[in-house]
1. Using all Cα-Cα distances in region 23-134, what percent lands in each 10 angstrom bin from 0 up to the longest?
2. Spelling out what I want: for every residue of region 80-88, take phi, set θ = phi - 60°, compute 6.51 cos²θ - 1.76 cosθ + 1.60 (Karplus), and round to whole Hz; glycine and proline get x.
3. Using only helices, what value at 222 nm comes out for the chain when you add -39,500 (n - 2.57) per DSSP H run of length 4 or more and divide by the total residues, to the nearest 500 deg cm²/dmol?
4. Can you list residues whose amide H is under 5 Å from His70's amide H, if they're 5+ apart or on another chain and H is modeled 1.01 Å from N?
5. Could you check which residue among Ser104, Ser36, Ser62 shows the biggest mean-square fluctuation in a GNM of the chain with a 10 Å Cα cutoff?
6. Which of Phe115, Phe137, Phe174 moves the most in a Gaussian network model of the chain with Cα springs under 10 Å?
7. Arrange the peptides 46-58, 21-33, 122-134 so that the one whose residues have, on average, the most other Cβ atoms within 10 Å appears first.
8. Taking the 0 to 90 degree range and rounding to the nearest ten, how far is the long axis of helix 168-185 tilted relative to the main principal axis of the chain, both from C-alpha atoms?
Amino acid sequence: AHNAYVVESFMDELAAEARMDPIEYRRRLLSQNPRSLAVLDLVARQSLWGQPLPPGSGRGVSLHNAFGSHCAVVVEVSVLPTTAIQIVRVTAVVDCGMAINPDSLIAQMEGGLLFGFSAALYGEITIRNGCVEQSNFHNYQLMRINEIPRIDVHIINSGAEPGGIGEVGTVSAFPALGNALFAATGKRFRRYPFRI
């Protein structure tokens, strides 16, 4: 998750420096990678990439090829006046080759994304006087059910050799959320948990 966050955040920074749309920037680099290009194109269509959003909102993308699978995720966020981050909508497209059990694949992507968002928003262990301060879920926050966004998962069943799906959603969560926050606020987040 950390490596994908660094690579995909930097990819977004390069797109911003080139004054290009982040998806178009990635698209131009994928002429030799048709599976990644296919997931990127489909996530752009399904997420309504490019359609206007209200002020204080933004969309961010991540694209990675890990565990033998290709995945693109778009996260839509809204930064509330209270400086709270609200994840509004998540669109994910995955090509893990031959999708053997699509229902489990979708569930794994949803759970992995939520696990990643929890870590990106709240996952911090603090030490005081040589002791860990967090002891259980009352002071180590996870996403609550009222924070869960709409998640749409689309599968490209390319028929290639089956790839892994276990951590694909988690790896995607950090960079897509960070890039969405940049689109909403103009601020780059260099560490997590993300705080406005």
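1. 12, 36, 31, 15, 6, 0
2. Result, ordered by residue: 7, x, 7, 6, 8, 9, 10, 7, 8 Hz.
3. Values: 5 runs with 75 residues, N = 196.
Calculated mean residue ellipticity at 222 nm is -12500 deg cm²/dmol.
4. Those lying under 5 Å, H to H, from His70 are Asp95, Cys96, Gly97.
5. The residue that fluctuates most here is Ser104.
6. Greatest mean-square fluctuation among the candidates belongs to Phe137.
7. On the way: 46-58: 13.5, 21-33: 15.5, 122-134: 10.1.
The peptides rank, most packed first, as 21-33, 46-58, 122-134.
8. Helix 168-185 and the main axis of the chain meet at about 70 degrees.
The numbers here are math on the coordinates, done by the rules we state, and not lab data. This is a predicted model, so every value here is computed, not measured. Backbone-built Cβ (ideal geometry, glycine too); neighbour counts: all protein chains shown.
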